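Notes follow the structure.
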Amino acid sequence: MTIIKPHSVLDAAKVASCLRETFRTGRTRPSNWRLEQLHAIVKLIEENEDEICRALFADLHKPRHEALTMESLVVTASAKHAIKNLNKWRAPVKKETPYIVWPASAFILPEPLGVAFVIAPWNFPFLLAVDPVIGAIAAGCTVCLKTSEVTPATSELLSTLVPKYLDNDAIKVVEGGVPEVTALLEQKWDKIFYTGNPKVGRIVMGAAAKHLTPVTLELGGKCPVFIDDTVDLQLASRRIMAGKYGSNSGQACISPDYILVEEHLAPKLIKQFRSTLVEFFGEDPRTSKDLSRIVNKNHFQRLSRLLDDPATADRIVHGGERDEDSLYIAPTLIEDPALDSPIMADEIFGPLLPIITVRNVNAAIDLINDKPKALVVHLFSTNKDYVKMFTEETSSGGLVMNDCIMQFIVPELPFGGVGESGTGAYHGKASFDTFSHFKSIFNKSQSGRFAKLRPYGVCVL
Amino acid sequence: MTTIDAPQIVSELRATLRTARTRPAQWRLDQIRAVLKLVNENEDDIYAALHSDLHKSNYESFLTEVNVLVSACKSTMKNLHKWMAPEKKPIPLAVWPANASVISEPLGVALVISPWNFPLLLALDPVVGAIAAGCTVCLKTSEIAPATSALLARLLPEYVDTEAIKVVEGSIPEVTALLEQKWDKIFYTGNAKVGRIIMGAAAKHLTPVTLELGGKCPLFIDDSVDLKVASKRIMVGKYGSNAGQACISPDYVLVEEHFAPTLIKQLQKTLLEFYGPDPSASVDLARIINKNHFQRLSSMLDDPSIADKIVHGGERDEKSLYIAPTLIDNPPLDSPVMVEEIFGPMLPIITVRNVDHALNIINDKPKPLEVYVFSNNKDLFNRFRDETSSGGIVMNDCVLQFIIPELPFGGVGESGTGAYHGKATFDAFSHRKAVLVKNMGGDVFARYPPFTVRKQSLIKALLTGTIIDIILAALGWRK
């Protein structure tokens, strides 16, 4: 049940101007300040691990294991990575200068963009709130974090804990819904970082355009998985099922959205999926402690409608059970729904997995390319030619061979979309970069009289 | 009413992209070579067009447009394979065994909107980057520089792959029609007002943008410098590129009170040395682009608040679109010439009490494209570097930073977003795709439900612990 808290009226202009004041003092520039804040984040998580897990369970019925391995521990690792590498990331990078400008030196030096605005989503309401904030802090920005009202327990926890551990004048948490975001988007920010869906992404970018504010938009899409018979089917099935149902019951931007498999392999694959699902969640997944729930009634009804759609209803080959009171939907497999059915149109973001049979790999690639660019394309195959084909003939935020989700925890792999799945990237140094401006520095000495001589008609040496 | 069929243009470029013809390095190199050939074989026509549009001398056109473009083409060809190569990335223990890398792929169908002030360079330089990245591209030339626009529209189709690289001439109706289409990248050079419109249009399709805008580039100078050399560099930086009509022209000078008279005297001397007593007779001075801008600049000069502050120049002739190199001594900070980007041959010289005062003036304005500091005091330079924000910052020179191929060129805040030059141009038109390759080996049982306590502690150790933690957890000795 979603609890709507009465919000006090937000003074968005005051929030932005307070953060700008703090930025102007220069307090966030020295590495020491940044490292202190990052250490404080590590401490916040260490000292409140149980509370974080409780909040995530209250909001999403997230099992403790998921809450740790996909949210709080990932944030801790991210903060520690930033702490370890901060001074390296901040260092000026020397650039070569051509002889004609000699004697001179050239560098690139990162500086903070300034006052940042981070808008967090509901599906990983701790991770996807704090991780971008880590990047903003590392870059030396001040930051306003707008938590998701769809996950009120985590939102409240963040708004209670952040002021206890972090510099209150530099990092502010704002709770709220559409009115609060709208008010904040009217302000001038130096960077906006939004995680969510393409529809709102357009609104955010449109608002940013009024102030020429650069944006990073981490959006979504339908992440396809193509699988052929050159892989160990049991292992592949485990990775795909864990990837799909083990992260928030499919409510993740990088969840495999649909499977593409050649006709001859489809029955065997479905059989294996079913077997893996029983292995993971038992005969009655409702009793498994390892499955999240749907975030709220709204999304539950959205997913229910997909299941009830005539194009899908009689193609369910596993699962389909639901209970609205507990917001439970069983891990569900759907065999070959029509390509123009609702479930194949929009991003599913739930525990339903269509399995689409194709004639061959080329048909699979065509299908993928007929849809907007996804956040991740997955390929389960050991065929090196297929690897080349998928790399060169599809475009997506990222490409993963023989696994799901794991790319998320490789710190130096930039994580982001392209086209409808987003713009910009983060994780590791890319988080630091996304909140930074890389200033070009050119130093010319006083000598070097040959460099430029006027007027052009006369050359005097 | 537009003369072009914008949807048709985009769909042709998209169809060409889909054939994957633009992907191999060979195609890209061929196209860039063709651009070089275009320039080589038509140098005279190019100079004639630039002279017709802007009264640019052949030498200035060579130095600031043609040669920069040629260097960019050559350096792109030399480095293309390196830029196209995948970058390997390290993997953490939790993901082992695996290979991680980042590869660049073309964003897709690009729209380049070029300005009038360097109508050859600022059209073709981004286009060469789009080609290098493997994109197909539509170039919308500037109608305000009609001779160069016509030249590009005539010549490009003779040299390059016309199904992949298209030129569109036109003005507001044409740009509007083009902006309604879905592009995979928009690259715009111009002013902040139109920059907002472009980004707003791009937002409708979630199209990433690079906006090369402008601003008031301040120049601070103190008495530690060799004044003669500094004056030469400042005057040529200001008046030698398009009579101040360049985004990186020094817009206004900041100088401490005690030094101002000496500086002004030297600047005047340098101007005389460069352009003689009657600059309208010099072959080395460009003209104002058109009546519109001439009148804009004239009204700045006619503003009553600066009437008695013009200490050099001020002469104008509307017919020949000529404005003399002009120095203005201490106009009020709220006069038009100190509020808007000048983009013309007028240079306000603002006296300040001290460096702090100069920094405040700079920081009270929107972030500019460049900050210039003329001083031999490294600490002073570092203060400007750390206490102001701008696209770039230059010590002891002007404009020259533009030709450093590996220095990314772009603004921040009101002066723009994104950058280019050298690899940065290739990157501006690329998507950096993260690629993770795992095989079926090295599977960690702890990844899969049902999650026992032992599995949980192993995963926890893998994510945040040391090797010892991992071993202990694997043995079941750590919670």
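Overview of results
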quantity	calculated
The range B:280-297: number of residues that are buried (at least 22 other Cβ atoms within 10 Å of the Cβ) and assigned to a helix (DSSP H, G or I)	1
Criterion (on the phi > 0 side of the Ramachandran plot and either of a type outside the set (A, V, I, L, M, F, W, C) or within 12 Å of another protein chain (Cβ to nearest Cβ) (or both)) met by exactly one of A:G221, A:G177	A:G221
Enumeration of residues in the range B:167-184 that are surrounded by fewer than 22 Cβ atoms within 10 Å (Cβ to Cβ) and not hydrophobic (A, V, I, L, M, F, W, C)	B:E169, B:G170, B:S171, B:P173, B:E174, B:T176, B:E180, B:Q181, B:K182
Residues (assigned to a strand (DSSP E or B) and more than 10 Å from chain B (Cβ to nearest Cβ)) located in the range A:71-126	A:P110, A:V115, A:A116, A:F117, A:V118, A:I119
Residue in the range A:185-201 that is modelled with pLDDT under 95 and either under 16 Å from A:I329 (Cα atoms) or surrounded by 24 or more Cβ atoms within 10 Å (Cβ to Cβ) (or both) present	no
Qualifying positions in the range B:58-94 - part of a loop (DSSP other than H, G, I, E, B) and away from every other protein chain (no Cβ under 12 Å)	B:A85
Filter result for B:K82 (more than 25 Å from B:G108 (Cβ to Cβ) and assigned by TED's automatic domain parsing to the domain that holds B:Q181)	no
Odd one out for B:G134, checked against (1) assigned to a helix (DSSP H, G or I); (2) of a type in the set (G, A, S); (3) crowded, with 22+ Cβ neighbours inside 10 Å	(1)
Only listed residue being under 28 Å from B:K78 (Cβ atoms), in contact with a Pro (Cβ under 7 Å, 6 or more places away or on another chain) and modelled with pLDDT of 95 or more, chosen from B:A145, B:A133	B:A133
Among the candidates B:L272, B:L285, B:L206, residue that is at pLDDT 95 or above and assigned by TED's automatic domain parsing to the domain that holds B:N363	B:L272
The listed residue being under 30 Å from B:Y275 (Cβ atoms) and not in a helix (DSSP H, G or I), out of B:V225, B:V236	B:V225
Of all residues making up the range B:173-206, the number that are farther than 19 Å from B:G411 by Cα and within 10 Å of another protein chain (Cβ to nearest Cβ)	7
The range B:450-467 - residue that is within 9 Å of another protein chain (Cβ to nearest Cβ) and over 51 Å from the mean Cα position of the chain (by Cα) and, of those, surrounded by the most Cβ atoms within 10 Å (Cβ to Cβ)	B:F451
Strands (runs of 3 or more DSSP E) within the range B:350-442 that include 1 or more residues more than 9 Å from chain A (Cβ to nearest Cβ)	B:370-374, B:430-438
Residue satisfying condition, being part of a strand (DSSP E or B), touching a residue at least 24 places away in the same chain (Cβ under 8 Å) and under 14 Å from the mean Cα position of the chain (by Cα), within set B:V102, B:V127, B:V112	B:V112
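Conditions tested, residue by residue: (1) surrounded by 24 or more Cβ atoms within 10 Å (Cβ to Cβ); (2) under 19 Å from the mean Cα position of the chain (by Cα); (3) within 14 Å of chain A (Cβ to nearest Cβ); (4) under 21 Å from B:N377 (Cα atoms).
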position	(1), (2), (3), (4)
B:C217	yes, yes, yes, yes
B:F220	yes, no, no, yes
B:S224	no, no, yes, yes
B:L227	no, no, yes, yes
B:K232	no, no, yes, yes
B:G237	yes, yes, yes, no
B:Q245	no, yes, no, no
B:D251	yes, yes, no, no
B:E256	no, no, no, yes
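The values are calculated or read from the model by the stated rules, or taken from the named source; none is laboratory data. The structure displayed is predicted, hence computed values, not measured ones. Please note: Cβ atoms are built from the backbone with ideal geometry, for glycine as well, and neighbour counts cover all protein chains shown.
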